[in-house]
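Undergrad: Sending over a structure as structure tokens; questions will come in a sec.
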């Protein structure tokens with residue numbers, strides 16, 4: 001199985017490179033002085049999203065996360081990949097296009113996926129807001145006392161979150177300096193990534209609150225017929241969150257509560273890319289040493305072959321200059 005381990009190492013190395021490229025672009029977007037709606041910034045945003053989408057696909061293929069695991073069982077280097085949906089959600093909100101409603105819906109899915117995984121691993125115990133329907137009118141009218149109570153609770157939560165965010169920012173600043181050292185202890189790395197996760201939990205909760213406030217405004221605009229003109233630019237492709245599960249069982253479970261997410265298994269994802277012409281088909285030649293090492297296990301051989309082909313495709317894409 002030495003060859004199998006080697007291919008897994010190759011996959012993880014490719015994933016790390018793609019994630020790091022995405023993070024550099026993400027940092028550029030977060031610190032840019034140009035207007036967010038400028039063409040150059042929008043190109044950077046979309047390129048960063050593409051990198052993180054590829055990273056998400058590779059994470060799914062590697063089977064990195066499982067609901068049966070505990071946080072302490074995760075290797076330190078994998079913790080940063082838990083940030084992917086939060087990063088994708090943040091970037092999605094920065095996209096400038098006429099259909100703002102579609103943008104916030106996709107971002108909301110990303111954010112809640114991030115919170116759910118953090119909760120599954122015990123990073124946080126926050127209550128995850130349910131996906132809401134802006135057209136729903138089934139909720140009972142609130143009394144004046146209910147409104148006052150909710151306002152007080154909201155204020156207290158905001159104050160608590162503000163204090164936490166301030167402390168986390170200071171802690172991240174200290175840990176970032178330690179991370180820039182040529183030799184970084186594993187405990188320092190782990191503390192750094194965990195602090196990042198806690199920090200993004202607060203940021204994501206704030207973003208979800210903003211989304212909830214924005215929804216009725218967008219609904220009013222939609223009802224008034226004030227739709228922005230789209231004459232200058234061709235219609236963009238529909239936004240869809242890239243969240244892929246590993247197998248049919250996970251697909252069935254993950255779909256609950258997220259009916260709008262186009263979830264798919266690894267097999268479905270690979271076959272779809274073959275049909276689209278993005279990935280090579282079954283006739284493509286790949287190194288045979290890995291496949292032969294699996295003996296008579298045809299399923300394992302096929303899985304390894306697809307991982308190698310995905311790796312080769314990813315490397316080819318990365319060789320093209322942005």
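The values are calculated or read from the model by the stated rules, or taken from the named source; none is laboratory data. Quantities reported herein were computed from a predicted structural model and do not represent experimental measurements. Every residue, glycine among them, receives a Cβ derived from its backbone with ideal geometry; neighbour counts consider all protein chains shown.
Undergrad: If we keep just the residues of the stretch 79-101 that are at pLDDT below 95 and over 18 Å from residue 32 (Cα atoms), which is farthest from the chain's Cα centre (by Cα)?
TA: Taking the candidates together, the pick is 98.
Undergrad: Another question, if that's okay. Spot the failing condition for residue 177; the list is (1) within 13 Å of residue 123 (Cα to Cα); (2) out of contact with any helix residue (DSSP H, G or I) (no Cβ under 9 Å at 6 or more places or on another chain), and only one is missed.
TA: Unmet condition: (1).
Undergrad: Say we look at the stretch 123-146 and pick out the residues that are farther than 25 Å from residue 107 by Cβ and surrounded by 11 or more Cβ atoms within 10 Å (Cβ to Cβ); which of these is modelled with the lowest pLDDT? Talk me through it step by step, then tell me what you get.
TA: Of the stretch 123-146, the ones farther than 25 Å from residue 107 by Cβ are 140-146.
If we keep only those that are surrounded by 11 or more Cβ atoms within 10 Å (Cβ to Cβ) too, we end up with 142, 146.
Working: 142: 62, 146: 66.
The residue in question is 142.
Undergrad: Suppose we filter 166, 160 for residues that are part of a helix (DSSP H, G or I) and under 25 Å from the mean Cα position of the chain (by Cα); which single one remains?
TA: Details: 160 fails: under 25 Å from the mean Cα position of the chain (by Cα).
Testing whether each residue is part of a helix (DSSP H, G or I) and under 25 Å from the mean Cα position of the chain (by Cα) leaves just 166.
Undergrad: OK, next. Residue 104 - would you say it is part of a loop (DSSP other than H, G, I, E, B) and modelled with pLDDT of 70 or more?
TA: no
Undergrad: Where the second residue is outside any helix (DSSP H, G or I) and at pLDDT 75 or above and the first is under 29 Å from residue 119 (Cβ atoms) and lies in the stretch 204-232, which pairs have Cβ atoms under 6 Å and are six or more apart or on separate chains?
TA: 208/129
Undergrad: What is the residue count in the stretch 11-60 for residues that are part of a helix (DSSP H, G or I) and surrounded by 14 or more Cβ atoms within 10 Å (Cβ to Cβ)?
TA: Start the filter on the stretch 11-60 by keeping residues that are part of a helix (DSSP H, G or I), which leaves 11-31, 39-60.
Checking the rest, the ones that are also surrounded by 14 or more Cβ atoms within 10 Å (Cβ to Cβ) come to 11-12, 14-19, 21-23, 25-26, 28-29, 41-42, 44-60.
Qualifying residue count for the region: 34.
Undergrad: Among the residues of the stretch 189-213, count how many are surrounded by fewer than 16 Cβ atoms within 10 Å (Cβ to Cβ) and either outside any helix (DSSP H, G or I) or in contact with a helix residue (DSSP H, G or I) (Cβ under 6 Å, 6 or more places away or on another chain) (or both).
TA: The initial filter retains those residues of the stretch 189-213 that are surrounded by fewer than 16 Cβ atoms within 10 Å (Cβ to Cβ), namely 206, 209-210, 212-213.
Now narrow it down to the ones that are either outside any helix (DSSP H, G or I) or in contact with a helix residue (DSSP H, G or I) (Cβ under 6 Å, 6 or more places away or on another chain) (or both): none.
Going through the stretch 189-213 one residue at a time, the tally reaches 0.
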